[in-house]
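There's a structure below that I have some questions on.
The values are calculated or read from the model by the stated rules, or taken from the named source; none is laboratory data. Source: prediction; values computed, not measured. Note that each Cβ is placed from the backbone with ideal geometry, even for glycine, and that neighbours are counted across all protein chains shown.
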Amino acid sequence: MKKICPNCGVENEENAKFCMNCAAKLSEEITENTTKNENKFYRKLIPIIIIVMVFIAILSIILINKYKEKEKAALIYKEKESAYNDFQKSNLITTDLNNLQFKVPSNWSKGLTYEENKIAYIKEDVAEIIVQDLGKSENIIDNNGNMKKDIVVDSFENEKKLNYDFLGKDTQHVYSCRDTVNGWDGYAGVVGCNSEAFLIWCDVKEGATNDPKKVAKAFFDTVDFSNYKPNFKLIKIAATYSGDTSADTEITADSGDITVTAYYDDGDSEVLDNSDWTMDDTATLEPEKTTKLEIYYQGVTCILKIKCSTKINKERSLKKFIKRYNAMADIMKKDKNITVKKLKEEDLDENQIETGIGATIIFNQSAEDTDCRYDIKSFMWSKSPWAFTDSEVLLANIYCCLAGYSSDNDYTTIGKIVSQIGEEATTGVYGSVHTGKYMYNMSVIKKEMTVGGQLDN
């Protein structure tokens, strides 16, 4: 660095002690000036250093606060997730209520309950879980999973159905609700299993966890309905039938006419749903017979007896009518050499049957509720047109019809009846005769000829 002479202003070498121009001494004065300059430089540098240090300090404080806030947020999140995390750990304790098993975290405490068949566990100011035996399921929920009885606590409202399935149980109602007064979110499942109904409930304090629904689901997932067996014992079942008891009625399990009641050792009973019990076979009621069907429910069986209300009047049944009709047809063939087509049961169409000359026999016109297969209260044989039909053939058919309806059906008796009707008919187009409890008649109106018989009341 060059030294400037303070006397004449000439530059001198750095190590010069005297000015080469005027011989003035240089060292002391120049050193003093240099120090002054250096001090002036450092004085200017100090504020900058202070500003930098202050900036660093402020930045450090900001960074530390952000770290602390982040750490605090993580801690809060961890605390809020603690209820859910409690169910994800391995230290879950299996417990039960009336044989229904479920799991609770080991760090939760048992809550106070003031109702029978109810148990609760709590995490203080965070969540509470409840399991309650509601009794017979038929009194609580219907077959569609709809509630018959309000289970929601009075302070809870805004009920909404949730999409959760307790192991595929058909009878269940899962919903959420909110306690607007005390600030709790409620999640509940009412489930029917083996004729018993249970309430599965989870309360979560507002703001205590990030996702209260997760807590409820975690608890719901621990409830084991698959191994549930009722605490009470089924001792017997009984079945009744309230449907049609007439002949040919088919009895099936899904007809809706069979009621099955289960009886338990605690003195209680319940009417079972049709889907709960089974019946191996179907049956068709037969006249004057009692049909027996075996019904099963949870290893217990009972016999359902159904007595057919249809009576067989053998004297006036279709089978007996045909038998007597055909017997007279044989007589006509043997004694008169007149062929009359014989009748068959399978030829019956509803309440009528065709004969061999284009005539028709109609049964029970005035008694529609009576099945002619079992009881014939009346018949009407008609032939139209009749005028060009062989008279002997017509007469043979009349004999067979009267014989079919008569309890006394020999040829002579039937002949007397025909003669008496004929005598009555000589005075007009209609003739009739009473014999015992029967009345027989014959009429000829224009082209139609009719012969009938009915019970004489």
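Determine whether Pro6 is more than 30 Å from Glu128 (Cβ to Cβ), modelled with pLDDT of 75 or more and surrounded by 13 or more Cβ atoms within 10 Å (Cβ to Cβ).
Numbers: more than 30 Å from Glu128 (Cβ to Cβ): yes; modelled with pLDDT of 75 or more: yes; surrounded by 13 or more Cβ atoms within 10 Å (Cβ to Cβ): yes.
The answer is yes for Pro6.
Also, quick follow-up: Is it fair to say Asp268 is modelled with pLDDT under 85, more than 22 Å from the chain's Cα centre (by Cα), of a type in the set (D, E, K, R) and within 30 Å of Tyr84 (Cβ to Cβ)? Give the derivation first.
Values: modelled with pLDDT under 85: yes; more than 22 Å from the chain's Cα centre (by Cα): yes; of a type in the set (D, E, K, R): yes; within 30 Å of Tyr84 (Cβ to Cβ): no.
No: the conditions fail for Asp268.
Would you say Lys236 is touching a residue at least 40 places away in the same chain (Cβ under 8 Å), within 21 Å of the chain's Cα centre (by Cα), farther than 30 Å from Asn85 by Cβ and surrounded by fewer than 17 Cβ atoms within 10 Å (Cβ to Cβ)?
Working: touching a residue at least 40 places away in the same chain (Cβ under 8 Å): yes; within 21 Å of the chain's Cα centre (by Cα): no; farther than 30 Å from Asn85 by Cβ: yes; surrounded by fewer than 17 Cβ atoms within 10 Å (Cβ to Cβ): yes.
No; evaluated as a whole, the condition is false for this residue.
Could you list all residues from region 311-328 that are assigned to a helix (DSSP H, G or I) and not hydroxyl-bearing (Ser, Thr, Tyr)?
Step one: of region 311-328, the residues assigned to a helix (DSSP H, G or I) are 318-328.
Listed by number, the residues that qualify are Leu318, Lys319, Lys320, Phe321, Ile322, Lys323, Arg324, Asn326, Ala327, Met328.
While we're looking at this one, here's another question. Regarding Tyr241, is this residue of a type in the set (Phe, Trp, Tyr), at pLDDT 90 or above and either outside the structural domain of Phe156 (by TED's automatic domain parsing) or farther than 24 Å from Ser82 by Cα (or both)? Lay out the reasoning, then the answer.
Details: of a type in the set (Phe, Trp, Tyr): yes; at pLDDT 90 or above: yes; either outside the structural domain of Phe156 (by TED's automatic domain parsing) or farther than 24 Å from Ser82 by Cα (or both): yes.
Yes, satisfied.
Considering only region 256-282, how many residues are assigned to a loop (DSSP other than H, G, I, E, B), surrounded by 15 or more Cβ atoms within 10 Å (Cβ to Cβ) and hydroxyl-bearing (Ser, Thr, Tyr)?
0
Look at Thr291 and say whether it is part of a strand (DSSP E or B), surrounded by 15 or more Cβ atoms within 10 Å (Cβ to Cβ) and polar (S, T, N, Q). Show your work before the answer.
On the way: part of a strand (DSSP E or B): yes; surrounded by 15 or more Cβ atoms within 10 Å (Cβ to Cβ): yes; polar (S, T, N, Q): yes.
Here the answer is yes, as Thr291 does meet what is asked.
Assuming Glu315 fulfils every condition listed in (1) touching a residue at least 40 places away in the same chain (Cβ under 8 Å); (2) crowded, with 16+ Cβ neighbours inside 10 Å apart from one, which condition is it?
(2) is the only condition that Glu315 fails.
Residues that are under 17 Å from Leu455 (Cβ atoms) and either at pLDDT below 90 or of a type in the set (S, T, N, Q) (or both): does region 388-398 have at least one? Give the steps one after another, and end with the answer.
The initial filter retains those residues of region 388-398 that are under 17 Å from Leu455 (Cβ atoms), namely none.
No, the conditions are met nowhere in region 388-398.
Anything in region 330-377 that is surrounded by 13 or more Cβ atoms within 10 Å (Cβ to Cβ), touching a residue at least 12 places away in the same chain (Cβ under 8 Å), within 51 Å of the chain's Cα centre (by Cα) and in a loop (DSSP other than H, G, I, E, B)? List them, or say none.
If the condition is that a residue be surrounded by 13 or more Cβ atoms within 10 Å (Cβ to Cβ), touching a residue at least 12 places away in the same chain (Cβ under 8 Å), within 51 Å of the chain's Cα centre (by Cα) and in a loop (DSSP other than H, G, I, E, B), then Leu348, Asn351, Asn364, Gln365, Asp371, Cys372, Arg373, Tyr374, Asp375, Ile376, Lys377 are the ones that fit.
May I pose another question? Output the number of the condition that Asn182 fails; it satisfies all remaining conditions of (1) modelled with pLDDT of 80 or more; (2) surrounded by 14 or more Cβ atoms within 10 Å (Cβ to Cβ).
The one condition Asn182 does not meet is (2).
A quick yes/no check of all residues on (1) in a helix (DSSP H, G or I); (2) crowded, with 20+ Cβ neighbours inside 10 Å; (3) on the phi < 0 side of the Ramachandran plot:
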{"site": "Met380", "(1), (2), (3)": "no, no, yes"}
{"site": "Phe388", "(1), (2), (3)": "no, no, yes"}
{"site": "Tyr399", "(1), (2), (3)": "yes, yes, yes"}
{"site": "Glu423", "(1), (2), (3)": "yes, no, yes"}
{"site": "Tyr440", "(1), (2), (3)": "no, yes, yes"}
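Taking Arg373 as the residue in question, decide whether it is modelled with pLDDT under 90 and over 18 Å from Met442 (Cα atoms).
Working: modelled with pLDDT under 90: yes; over 18 Å from Met442 (Cα atoms): yes.
For Arg373, the condition - modelled with pLDDT under 90 and over 18 Å from Met442 (Cα atoms) - is met.
Another question about this same structure. Please work out which residue is surrounded by the fewest Cβ atoms within 10 Å (Cβ to Cβ), limiting yourself to region 91-127 and to residues that are touching a Lys or Arg at 6+ places or on another chain (Cβ under 9 Å), touching a residue at least 40 places away in the same chain (Cβ under 8 Å) and part of a loop (DSSP other than H, G, I, E, B).
Result: Asp125.
Given Asp349, Asp369, Asp375, which one is farther than 21 Å from Leu455 by Cα and charged (D, E, K, R)? Steps first, please.
Numbers: Asp369 fails: farther than 21 Å from Leu455 by Cα; Asp375 fails: farther than 21 Å from Leu455 by Cα.
Step by step, each of Asp349, Asp369, Asp375 is checked, and only Asp349 is farther than 21 Å from Leu455 by Cα and charged (D, E, K, R).
Further question on the same structure: Taking the residues in region 244-255 that are in contact with a strand residue (DSSP E or B) (Cβ under 7 Å, 6 or more places away or on another chain) and at pLDDT below 90 as candidates, determine which candidate is surrounded by the fewest Cβ atoms within 10 Å (Cβ to Cβ).
This residue is Asp248.
Also, I was wondering about something else. Between a residue in region 215-233 that is at pLDDT below 80 and any residue that is not in a loop (DSSP other than H, G, I, E, B) and not hydroxyl-bearing (Ser, Thr, Tyr), which pairs come within a Cβ distance under 7 Å, given they are 6 or more apart or on different chains?
Pro230/Glu196
Determine whether region 136-154 contains at least one residue that is at negative phi and modelled with pLDDT of 85 or more.
Going through region 136-154, the residues at negative phi turn out to be 136-144, 146-154.
Subsequent filtering for residues that are modelled with pLDDT of 85 or more retains none.
Looking through region 136-154, none of the residues is at negative phi and modelled with pLDDT of 85 or more.
Looking at region 154-179 only, could you name the residues that are buried (at least 17 other Cβ atoms within 10 Å of the Cβ), among the polar types (S, T, N, Q) and assigned to a strand (DSSP E or B)?
Gln172, Ser176
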